[in-house]
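The values are calculated or read from the model by the stated rules, or taken from the named source; none is laboratory data. Because the structure is predicted, anything quoted here is derived from the model rather than measured. Don't worry about glycine lacking a Cβ; one is built from the backbone with ideal geometry, like all the others, and counts go over all protein chains shown. SASA here: full protein model, heavy atoms, side chains in, ligands and nucleic acids out. Shrake-Rupley method; radii C 1.70, N 1.55, O 1.52, S 1.80 Å.
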Amino acid sequence: MTTASKEDIQHMRPKQRNKYRRLGYTWSEIKKIDRAIGRGEATLTLKTTAGEVTMTLPPRWR
């Protein structure tokens, strides 16, 4: 399994990335959020340790 790092995040602002990190998301979950933002998706459902979380995504940064 490969690991994601903050250098892999391209479509969200560093401020957004740090917000998700403070909320307790792992780097791999943040990477999935970033890829969804890059594809232009409006919402995303993640399966986390707390259960399924559906979130509204911000617009693409770059």
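Numbers at a glance
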quantity: Per-residue SASA entry for R13, accessible area with 1.4 Å probe, Å² rounded to 10; calculated: 130
quantity: Ellipsoid semi-axes in whole angstrom, largest first, where each is sqrt(5λ) of the Cα gyration tensor of the chain; calculated: 16, 15, 11
quantity: Contact order normalised by residue count of the chain, Cα under 8 Å, 6+ apart, percent; calculated: 34
quantity: Gain upon complete extension [A42, Q10; 0.36 nm per residue less C-alpha separation]; calculated: 9.8 nm
quantity: 1.4 Å probe accessible area per residue over the chain, in Å²; calculated: 73
quantity: Listed residues K31, K47, K19 arranged by accessible area, highest first, probe 1.4 Å; calculated: K47, K19, K31
quantity: Where GluC sites (Glu not before Pro) fall in DSSP loop in region 7-51, at most 14 other Cβ within 10 Å; calculated: E41
